[in-house]
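A.B. asks: Quick one: this structure, given as structure tokens, is what I'll be asking you about.
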Amino acid sequence: MTMSKLTRLLHPRNQLLLNKLPVEGVKDSIWQHAINTFAGFSSVRQYGAADGKLAGRVFAPYSVFKGKAALSAEPRLPTFNKMDSGVVKLNRRGVIMLTFWPSIGERKYDWEKRQLFALSATEVGSLISMGTKDSCEFFHDPSMQSSNAGQVRKSLSIKSNADGTGYFVSLSVVNNNLKTNDRFTVPVTTAEFAVMRTAFSFALPHIMGWDRFTNRPSECISQSPAKVVPQLTEVEWCR
């Protein structure tokens with residue numbers, strides 16, 4: 001793609017900005033951003049099947065990027081087993097998966113150091129019912145009620161700002177085995193929290209599997225009861 005073609009494809013305001021910028025490095029940055037944008041559009045088109053339906057898994061997280069850390073949220077749907085009797089049985093419960101990763105510079109984040117926290121349906125209910133002055137906190141331990149309890153602990157807290165303009169979403173991960181203690185705090189505005197609340201409310205019956213009463217996609221059902229998907233906690237605790 002040539003610069004002249006790119007200029008024609010840009011929004012008029014961006015065309016004017018591109019023409020007025022004197023520094024080539026800045027122009028190169030806009031050029032690269034545009035290339036990445038068009039590449040993304042191309043990937044979406046290629047992702048669709050010939051009949052217009054999406055093939056494979058869909059990635060559509062809602063992300064919030066702030067100065068010290070970033071946060072994204074996306075639903076992870078439940079999976080089902082189809083038994084020999086024809087009965088479809090819930091195999092793995094769905095969640096809203098939160099992903100946190102730290103900032104390593106201006107607009108730069110370290111994806112390799114991400115940490116996950118899987119919100120259950122009840123925890124989602126606590127979040128979406130929060131008021132402007134409320135707070136909530138959740139604790140996860142993969143080895144709870146065993147001799148290894150407390151070796152790895154995760155705690156998620158959501159606290160409202162003192163002035164009522166938003167919330168602080170914080171994740172703490174203590175791993176005594178690795179001798180690490182990671183903490184992420186992402187300030188979320190009222191508008192951003194409203195998006196999360198609305199999206200989580202929409203996703204709640206889906207992660208519970210209740211939408212399957214009227215619509216059961218074949219790709220979400222294992223045809224053999226022997227094919228058991230690992231439990232959800234293993235997905236969260238892989239990080």
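The values are calculated or read from the model by the stated rules, or taken from the named source; none is laboratory data. Treat the numbers as computed from the prediction; the structure is a model and nothing was measured. Cβ: placed from backbone, ideal geometry, glycine included. Neighbour counts: every protein chain shown. Protein only, heavy atoms only, side chains kept; ligands, DNA and RNA dropped before computing areas. Shrake-Rupley method; radii C 1.70, N 1.55, O 1.52, S 1.80 Å.
A.B. asks: Any residue in the stretch 84-97 that's closer than 16 Å to Arg212 by Cα: show its pairings with residues that are open to solvent by less than 100 Å² (accessible area, probe 1.4 Å) and among the charged types (D, E, K, R) at Cβ separation under 7 Å, as long as the two are six or more apart or on different chains.
C.D. replies: Val88/Lys82; Gly94/Arg76; Val95/Arg76
A.B. asks: Out of Arg183, Arg197, which single residue is assigned to a helix (DSSP H, G or I) and surrounded by 14 or more Cβ atoms within 10 Å (Cβ to Cβ)?
C.D. replies: None of the others qualify; the one that does is Arg197.
A.B. asks: Could you count how many residues in the stretch 162-174 are in contact (Cβ under 8 Å) with a residue 24 or more places away in the chain and surrounded by fewer than 16 Cβ atoms within 10 Å (Cβ to Cβ)?
C.D. replies: Residues flagged as in contact (Cβ under 8 Å) with a residue 24 or more places away in the chain and surrounded by fewer than 16 Cβ atoms within 10 Å (Cβ to Cβ) within the stretch 162-174 amount to 2.
A.B. asks: All but one of (1) open to solvent by 20 Å² or more (accessible area, probe 1.4 Å); (2) touching a strand residue (DSSP E or B) at 6+ places or on another chain (Cβ under 6 Å) hold for Ala149; state the number of the condition that does not hold.
C.D. replies: (2)
A.B. asks: I've got another one for you. Answer yes or no as to whether Pro102 is outside any loop (DSSP other than H, G, I, E, B) and either in contact (Cβ under 8 Å) with a residue 12 or more places away in the chain or open to solvent by less than 30 Å² (accessible area, probe 1.4 Å) (or both).
C.D. replies: Against the criterion (outside any loop (DSSP other than H, G, I, E, B) and either in contact (Cβ under 8 Å) with a residue 12 or more places away in the chain or open to solvent by less than 30 Å² (accessible area, probe 1.4 Å) (or both)), Pro102 qualifies.
A.B. asks: Further, regarding this structure: Go through (1) at pLDDT 95 or above; (2) of a type in the set (D, E, K, R); (3) in contact with a Leu (Cβ under 9 Å, 6 or more places away or on another chain) one by one and return the number of the condition Arg93 breaks.
C.D. replies: Of the numbered conditions (1) at pLDDT 95 or above; (2) of a type in the set (D, E, K, R); (3) in contact with a Leu (Cβ under 9 Å, 6 or more places away or on another chain), the odd one out for Arg93 is (1).
A.B. asks: Mind checking whether some residue in the stretch 63-74 is touching a helix residue (DSSP H, G or I) at 6+ places or on another chain (Cβ under 9 Å) and open to solvent by 40 Å² or more (accessible area, probe 1.4 Å)?
C.D. replies: no
A.B. asks: Further question on the same structure: Of all residues in the stretch 105-141, count the ones that are within 15 Å of Tyr167 (Cβ to Cβ) and open to solvent by 30 Å² or more (accessible area, probe 1.4 Å).
C.D. replies: Looking only at that region, the number is 8.
A.B. asks: Any residue in the stretch 196-213 that is at negative phi sitting within a Cβ distance under 8 Å of a residue that is in a helix (DSSP H, G or I) and of a type in the set (Asp, Glu)? List the pairs, counting only those 6 or more apart or interchain.
C.D. replies: Pro205/Asp211
A.B. asks: Considering Ser147, Ser170, Ser143, which residue is more than 15 Å from Ile96 (Cα to Cα) and in a strand (DSSP E or B)?
C.D. replies: Going through Ser147, Ser170, Ser143 in turn, just one is more than 15 Å from Ile96 (Cα to Cα) and in a strand (DSSP E or B): Ser170.
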